[in-house]
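Every number here is computed from the coordinates shown, using simple stated rules; none is lab data. These numbers were taken from a predicted model, which means no experiment stands behind them. Cβ placement follows ideal geometry from the backbone for every residue including glycine, while neighbour counts extend to all protein chains displayed.
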Amino acid sequence: MSDLLVLKALPQAIKEARDFVACVAGGYGLDDYVPRLVASELVTNAWRHSSKRQDIVLRAFPTGDDPVRLIIEVWDADPRPPVLCAPGDSDESGRGILLLSGVVVRWGTRPSAGGKVVFAEVV
């Protein structure tokens with residue numbers, strides 16, 4: 001089973017994504033703090049870097065592992081993958097993927113029809 005949410009590329013999509021993933025995580029008995037953080041970062045990146053005319057698709061589903069882990073996937077229309085970088089002390093952005101990489105089991109990206117999917121696996 002997976003849960004899917006189609007979001008308009010608007011700033012409020014970020015809160016909608018956090019709320020949605022919290023609900024999905026809770027439905028599988030998982031803490032929602034890290035999933036909310038991950039969903040927020042992935043949807044923020046999708047909103048900032050893709051066409052504002054294209055929807056963003058968020059999907060969350062459990063792994064078959066024991067203990068259960070949650071996979072969070074975000075599709076957007078920008079084919080460019082996110083870049084893990086080392087921002088300077090005065091940079092105002094660029095820390096999201098770095099932060100994400102420190103709190104997930106794994107993350108990555110793959111091309112998808114008309115764009116890309118960025119995914120993360122959380123405990």
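Being surrounded by 12 or more Cβ atoms within 10 Å (Cβ to Cβ) and not in a loop (DSSP other than H, G, I, E, B) is a description that does not apply to Leu84.
Scanning the stretch 4-30 for residues that are surrounded by fewer than 16 Cβ atoms within 10 Å (Cβ to Cβ) and either in contact (Cβ under 8 Å) with a residue 60 or more places away in the chain or closer than 16 Å to Val118 by Cα (or both) turns up Leu4, Val6. Quick one: is Pro67 in contact with a strand residue (DSSP E or B) (Cβ under 6 Å, 6 or more places away or on another chain) and either in a loop (DSSP other than H, G, I, E, B) or at positive phi (or both)? No: the conditions fail for Pro67.
Residue-level check: of (1) over 24 Å from Tyr28 (Cβ atoms); (2) in contact with a Lys or Arg (Cβ under 8 Å, 6 or more places away or on another chain); (3) of a type in the set (S, T, N, Q), Thr63 misses just (1).
Among residues that are in contact with a Leu (Cβ under 7 Å, 6 or more places away or on another chain) and of a type in the set (Lys, Arg), Arg59 is included.
Among the residues making up the stretch 74-123, those that are touching a residue at least 12 places away in the same chain (Cβ under 8 Å), of a type in the set (Gly, Ala, Ser) and out of contact with any Phe, Trp or Tyr (no Cβ under 8 Å at 6 or more places or on another chain) are Ala77, Ala86, Gly96, Gly114.
Determine if the stretch 20-28 includes at least one residue that is of a type in the set (Phe, Trp, Tyr) and over 12 Å from Val74 (Cβ atoms). Reasoning before the result, please.
First pass over the stretch 20-28, keeping only residues of a type in the set (Phe, Trp, Tyr): 20, 28.
Checking the rest, the ones that are also over 12 Å from Val74 (Cβ atoms) come to 28.
Yes, the stretch 20-28 contains a residue that is of a type in the set (Phe, Trp, Tyr) and over 12 Å from Val74 (Cβ atoms).
Scanning the stretch 25-64 for residues that are in a helix (DSSP H, G or I) and either on the phi > 0 side of the Ramachandran plot or small (Gly, Ala, Ser) (or both) yields Ala25, Gly26, Gly27, Ala39, Ser40, Ala46. Among the residues of the stretch 40-47, some residue qualifies, meaning at least one is farther than 19 Å from Val123 by Cα, of a type in the set (S, T, N, Q) and within 12 Å of the chain's Cα centre (by Cα). So, of the residues in the stretch 87-123 that are polar (S, T, N, Q) and exposed (fewer than 12 other Cβ atoms within 10 Å of the Cβ), which turns out to be nearest to Leu7 (Cα to Cα)? Checked the stretch 87-123; the qualifying residue nearest to Leu7 (Cα to Cα) is Ser93. With respect to the conditions (1) surrounded by fewer than 20 Cβ atoms within 10 Å (Cβ to Cβ); (2) touching a strand residue (DSSP E or B) at 6+ places or on another chain (Cβ under 7 Å); (3) not β-branched (Val, Ile, Thr), Tyr33 falls short on a single one, namely (2).
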